[in-house]
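These notes are about the structure you will find just below.
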Amino acid sequence: MTAADVTSVNVASANVTSANVTSGKTILRRAGDRGWLIECADRHPAEVATSIRAQPWASGLREVVPATTTVLVVAETAAGMGKLAAGLRTVLDGPGVHRAGPPPGRRIVIPVRYDGPDLPEVAERLGLAPAEVARRHGAGEYRVGFFGFAPGFAYLDGVPESLRLPRLSSPRPRVAAGVVAIAGNQTVVYPGGTPGGWHQIGVTTTRLWDVTAEPPNRLAVGDRVVFEAVTP
């Protein structure tokens, strides 16, 4: 899909015309002949996607794909796109994406040895001891926001402000499976075999991506991840 495929529409009725569909600060845009793109200005995309998938009419959807600030909803057919937009607006305006209490998804604990090659430099740049970097990273609870870049590459939101650094200026050509790394407000467990420009602070023996498993991803959008320090 190209930028030219994404057009704005208005669904005040079932007819599709050329204007934005706004729900609070959330904007709904037409994406191709079977898609709607939700711009989540004030909502977390993973939670929006989970709420959409829970709807009884979600069986008529081919894909619900969250990203950093958007959710792409793709229908099986091009029929009834205005009705689908009305359903999406109902979800966006409803209590499901504003609810208090714990977020959806499973809670998964991942053991980590905090002995990554970048840990000393990360600590120095942040003005912290390496052990304190490890403690702060392990004290958080992270949420699987979306998948991208490579199969099994889950972007986990929730790195504390005190640990946030930009990505490396020169990425490594290949990163092994199980490497735990940080960049910006996200952390990741590398699935293996990909380049990587994140700061490597640890490693886990837990396999989160296994092409021989069903499903191959152990994580899913909306899951909550906790890192538990183990002795190197």
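The values are calculated or read from the model by the stated rules, or taken from the named source; none is laboratory data. None of these values were measured; they are calculated from a predicted model. Reconstructed Cβ throughout: ideal geometry from the backbone, glycine too, with neighbour counts over all protein chains shown. The accessibility values were calculated without ligands, DNA or RNA, using every heavy atom of the protein model including side chains. Shrake-Rupley method; radii C 1.70, N 1.55, O 1.52, S 1.80 Å.
For a quick check: with amide H placed at 1.01 Å from N, whose amide H comes under 5 Å from Ala31's, ignoring anything fewer than 5 positions away on the same chain?
Thr7, Trp36, Leu37
State to the nearest 20 debye the size of the charge dipole of the chain about its Cα centre, where the only charges are +1 on K and R beta carbons and -1 on D and E beta carbons.
On the way: 24 positive and 20 negative charges, 50 e Å.
Dipole of the chain, to the nearest 20 debye: 240 debye.
Rounded to the nearest 500, what is the chain's calculated 222 nm mean residue ellipticity when only DSSP H runs of at least 4 contribute -39500 (n - 2.57) each, over all residues?
Numbers: 4 runs with 40 residues, N = 232.
So the helix-based figure for the chain works out to -5000 deg cm²/dmol.
Write down, largest first, the equivalent ellipsoid semi-axes of the range 109-232 in whole Å, where each equals the square root of 5 times an eigenvalue of the alpha-carbon gyration tensor.
Numbers: eigenvalues 94, 48, 37 Å².
Each semi-axis is the square root of five times an eigenvalue, giving 22, 15, 14 Å.
How much accessible area per residue does the chain have, in Å², with a 1.4 Å probe?
Normalised by residue count, the accessible surface of the chain is 49 Å².
Quote the charge dipole size of the range 100-232 about the Cα centre in Debye, to the nearest 20; the model charges only the Cβ of Lys and Arg (+1) and of Asp and Glu (-1).
On the way: 14 positive and 12 negative charges, 26 e Å.
With only Lys, Arg, Asp and Glu charged at Cβ, the dipole is about 120 debye.
Would you compute, for the Cα atoms of the range 192-232, the largest minus smallest coordinate along each principal axis and list the three values in descending order, in whole Å?
Projected onto its principal axes, the Cα set of the range 192-232 covers 30, 24, 20 Å.
Quick one: which residues, 5+ away or cross-chain, put their amide H under 5 Å from the amide H of Gly148? H built at 1.01 Å from N.
Counting only residues 5 or more places away or on other chains, the set is Phe153, Tyr155.
Among Pro151, Val226, Ala131, which residue has its Cα positioned farthest towards the positive end of the charge dipole of the range 84-232, with +1 placed on the Cβ of Lys and Arg, -1 on the Cβ of Asp and Glu, and the dipole taken about the Cα centre?
Pro151
Across all directions of projection, what mean area in square nanometres is found for the Cα convex hull of the chain?
Details: hull surface 56.3 nm².
Its average projected convex-hull area is 14.1 nm².
Before anything else, pin down the relative contact order of the chain: Cα pairs under 8 Å, at least 6 apart, normalised by residue count, whole percent. Could the numbers behind the result be given before it?
Working: 487 pairs, mean separation 43.6, N = 232.
Relative contact order comes out at 19 percent.
May I ask you to give the percent of accessible area on the chain that is carbon plus sulfur, with a probe radius of 1.4 Å?
Working: 6070 of 11280 Å².
So the carbon and sulfur contribution to the accessible surface is 54 percent.
Determine the dipole magnitude for the range 154-232: charges of +1 sit on the beta-carbon of Lys and Arg, -1 on that of Asp and Glu, nothing else is charged, the reference point is the Cα centre, and the result goes in debye to the nearest 20.
Values: 7 positive and 6 negative charges, 57 e Å.
About 280 debye.
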